[in-house]
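The values are calculated or read from the model by the stated rules, or taken from the named source; none is laboratory data. All figures in this text were calculated on a predicted structure; none of them were measured in a lab. Positions of Cβ are backbone-derived with ideal geometry, glycine not excepted, and every protein chain shown enters the neighbour counts. SASA here: full protein model, heavy atoms, side chains in, ligands and nucleic acids out. Shrake-Rupley method; radii C 1.70, N 1.55, O 1.52, S 1.80 Å.
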Amino acid sequence: MGLSTAYSPAGSRLSPTPLGAHAARRRSVHLLLRPRRPGLAIVRCSVDAAKQVQDGPAVVAPKSEAEVGRKECFGVFCTTYDLKADDTTKSWKKLVNIAVSGAAGMISNHLLFKLASGEVFGQDQPIALKLLGSERSLQALEGVAMELEDSLYPLLREVSIGIDPYEVFEDVDWALLIGAKPRGPGMERAALLDINGQIFADQGKALNAVASRNVKVIVVGNPCNTNALICLKNAPNLPAKNFHALTRLDENRAKCQLALKAGVFYDKVSNMTIWGNHSTTQVPDFLNAKIDGRPVKEVVKDTKWLEEEFTKTVQKRGGVLIQKWGRSSAASTAVSIVDAIRSLVTPTPEGDWFSSGVYTTGNPYGIAEDIVFSMPCRSKGDGDYELVGDVEMDDFLWGRIKKSEAELLAEKKCVAHLTGEGNAFCDLPEDTMLPGEM
Ligand code: LMR
């Protein structure tokens, strides 16, 4: 049985946004909680921005009760916009649907407002945010949606919240999968792989069933490489190439450390690859990175520092941060998700590249096939990427890469039951740890 509650947001306040001058908004606002599956509730919202752009200046009639009932929505986002499209709105692109899991968490709390502001996809790109939480976090999700309402972002055309991935992922163009369980006290890593693996197997199935056929997926929840592998294996009808594990935070951390050592601002550091797993075996590649266009080793002559201190600092930065903050990185993770998306939707600067954990099939480096491994990528800005061919290898780099590869192959065996590869057998290397564990 559906539960429908009239909900009155910020009264009759009119937005002073760029749209405000041209838009009179009818406030027909509803909050609908409608269980769609046993035990699942969803709150959704919709404003048809793309149609508004196509149709040009228009006076849109208020929605009938039946129409509102068909498309559930959150608060002010249920409003029927009486939008006179001006030059700005006519140049807007087609709406992009973005799902975010773990939407009531700290990382999302930074990320959602960046997405809504236009700093990620551009000031001509309206977006819909589809927030996935859990039954426990539903109240908090409503709080997040209320803050999004109160921010009056002109580009934010829809917000919906829910706990069923089959509902939330419908037609999404991007899925930013942040939600995962943290490793609790005394929990074996194999248990963590299993618990989180289940979440990503379910989400992979849901994406496979209902997402846009070209959805781009960025897995942030740890252990993100193996979670991304599980997710893509459960989504056989989607291109495996579209699945990423977030290692951009590690790339940013590595750039910062090299800049500090060289005494330059961090925008001078380029071509920074993180190879491998988002764990303490990750390999920040100082052989191919550049400072001010010069090989790092020409600028930083201290090889011992590069091999030992630099490498360890980057690998363990997440753990040191947890010690200081008492919780995992959130703001810098959100920034790195923004960077990761922007790297895919804007052309990579000539000669440079970025790191992302991607599916290894057909990689030119000789890394084991069929895992998700961070490698150097370039993009034309169309959401797709290609691997960078011309990178140097030496014994130190290759030795480290093999260690991270071995760890990922062992993790893969632990989750064989979730990837359709038979029985799981978990025998992880002793020192297998997330960056946050030390
Ligand atoms: C990070 O790199 O900051 C996080 O992945 C750490 C963690 O384990 O949560």
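Of note:
- Phi angles across the stretch 270-282 convert, under the Karplus curve 6.51 cos²θ - 1.76 cosθ + 1.60 with θ = phi - 60°, into 3J(HN,Hα) values of 9, 6, 8, 9, 9, 9, x, 8, 7, 7, 6, 9, 4 Hz, Gly and Pro given as x.
- Note that the stretch 374-386 has calculated 3J(HN,Hα) couplings of 6, 8, x, 10, 10, 9, 8, x, 9, x, 9, 8, 10 Hz, one per residue in order, obtained from phi through the Karplus relation 6.51 cos²θ - 1.76 cosθ + 1.60 (θ = phi - 60°); glycine and proline are x.
- With 0.36 nm allotted per residue and the present C-alpha distance subtracted, the residue 214-residue 106 stretch has 36.1 nm of extension available.
- Net charge of the neighbourhood of residue 235, taken over other residues with C-beta under 14 Å away and scored Lys/Arg +1, Asp/Glu -1, is +4.
- Potential lengthening between residue 93 and residue 294 on full extension [0.36 nm per residue; Cα-Cα distance subtracted]: 68.4 nm
- Calculated accessible area for the stretch 301-361 comes out at 48 Å² per residue, all protein chains present (probe 1.4 Å; ligands, DNA, RNA ignored).
- Under 12 Å from the residue 117 label point (7 Å along Cα→beta-carbon), backbone N, the stretch 313-336: 335
- Stretchable slack from residue 309 to residue 413, in nm (0.36 nm times residue separation minus alpha-carbon distance): 34.3 nm
- Inter-site label distance for residue 301 and residue 237 at 7 Å from Cα along Cβ, in nm: 6.2 nm
- Approximating the spin labels as points 7 Å out from Cα along Cα→Cβ, the residue 346-to-residue 325 distance works out to 2.3 nm.
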